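> Handing you this structure, nothing more for now.
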Amino acid sequence: MFVEKRICPIFAVSSVTGENIDLLKKFLNILPPRLSSQEQERLSQLPVEYRIDAIYANHTSSGPVIVGGILQSGIIREAENLLAGPLSDGTFFPVKVKTIHRYRVPRRMVRAGQAATISLAQVEASRLRKGMVLVSSTSNPEACFEFVADIYLSAHHSNASIHKGFETTVQMENIRQTVLVVAMDKDELHVDEQATVTFRFRNLCEYVHEGSRLIFRSGNQTKGSGRVTKVLPLQQQANTTTTG
């Protein structure tokens with residue numbers, strides 16, 4: 001067993017001859033669960049948050065839309081009413097769970113920490129996209145265009161720096177989108193330095209949590225990581241703009 005979390009084993013395998021595939025399978029079988037039973041139980045008591053990673057229905061289908069992803073918190077049951085979003089204006093719309101599958105086996109429910117495909121009724125596939133979420137119908141979800149993060153720059157162009165106006169691609173949970181640096185606590189950010197940065201999504205608003213980890217990169221030269229420290233909901237941004 002690997003007791004150090006920072007160690008990443010590498011297996012040289014062949015999908016043609018099958019060499020070392022048995023070793024890889026053995027290793028995967030001895031890996032501990034991502035969540036302990038106590039942690040899963042705690043997360044299951046929280047409101048539903050299901051991150052949509054894939055959509056399996058085409059936009060011309062008249063049947064139910066099937067989405068794939070991981071349930072971050074809560075419990076989803078068959079026939080449950082949920083909210084999906086955000087749309088381009090930051091709103092969420094109602095959907096209904098028709099069926100649930102895990103490993104191609106029908107299930108009556110799915111718990112926090114589990115991956116599942118969910119068939120949704122009362123929704124058009126064209127309204128869904130990767131990066132959206134399903135949340136409890138009783139919740140009051142808020143989308144955002146801007147968020148603040150503490151970041152660390154691990155690689156960048158030689159003799160260059162990051163500054164206000166810089167664009168990069170950020171990946172956070174199931175979100176992957178181009179962002180713009182709109183504010184920073186220093187004039188320039190160089191390699192091996194940290195900064196507090198305000199990012200703005202370039203195209204669509206997203207559902208973001210404080211504490212979420214993120215990575216960002218531009219091509220093969222700019223790389224960095226960080227954690228969200230503050231989310232600026234659309235309503236708050238609108239009020240700030242009006243006041244200003």
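The values are calculated or read from the model by the stated rules, or taken from the named source; none is laboratory data. Remember, predicted model here, so these are calculated numbers, not experimental data. Cβ coordinates were reconstructed from backbone atoms using ideal geometry, including for glycine residues, and neighbour counts include every protein chain displayed.
> Look through H163, H190 and report the one residue that is in the same structural domain as F216 (by TED's automatic domain parsing), out of contact with any Ser or Thr (no Cβ under 8 Å at 6 or more places or on another chain) and not small (G, A, S). Walk me through it before giving the result.
Working: H190 fails: out of contact with any Ser or Thr (no Cβ under 8 Å at 6 or more places or on another chain).
So the residue among H163, H190 that is in the same structural domain as F216 (by TED's automatic domain parsing), out of contact with any Ser or Thr (no Cβ under 8 Å at 6 or more places or on another chain) and not small (G, A, S) is H163.
> Still on this model: Can you name every residue in segment 215-229 that is exposed (fewer than 14 other Cβ atoms within 10 Å of the Cβ) and either outside the structural domain of R176 (by TED's automatic domain parsing) or charged (D, E, K, R) (or both)?
Answer for segment 215-229, where residues must be exposed (fewer than 14 other Cβ atoms within 10 Å of the Cβ) and either outside the structural domain of R176 (by TED's automatic domain parsing) or charged (D, E, K, R) (or both): there is none.
> Here's a follow-up. Out of the residues in segment 87-137 that are small (G, A, S) and in contact with a helix residue (DSSP H, G or I) (Cβ under 9 Å, 6 or more places away or on another chain), state the one that is surrounded by the fewest Cβ atoms within 10 Å (Cβ to Cβ). So that I can check it myself, show each step before the final result.
Start the filter on segment 87-137 by keeping residues that are small (G, A, S), which leaves 88, 90, 112-113, 115-116, 119, 121, 125-126, 131, 136-137.
Filter once more, keeping what is in contact with a helix residue (DSSP H, G or I) (Cβ under 9 Å, 6 or more places away or on another chain): 90, 112-113.
On the way: G90: 21, A112: 23, G113: 17.
Checked segment 87-137; the qualifying residue surrounded by the fewest Cβ atoms within 10 Å (Cβ to Cβ) is G113.
> Taking L134 as meeting all but one of (1) within 15 Å of the chain's Cα centre (by Cα); (2) at pLDDT below 95, write down the number of the exception.
The one condition L134 does not meet is (2).
> Filtering segment 143-161 down to residues that are at pLDDT below 95 and part of a loop (DSSP other than H, G, I, E, B), which residue is surrounded by the most Cβ atoms within 10 Å (Cβ to Cβ)?
Going through segment 143-161, the residues at pLDDT below 95 turn out to be 154-161.
Next, from what is left, pick out any that are part of a loop (DSSP other than H, G, I, E, B): 156-161.
Working: H156: 20, H157: 12, S158: 6, N159: 6, A160: 13, S161: 15.
Across segment 143-161, the extreme among qualifying residues is H156.
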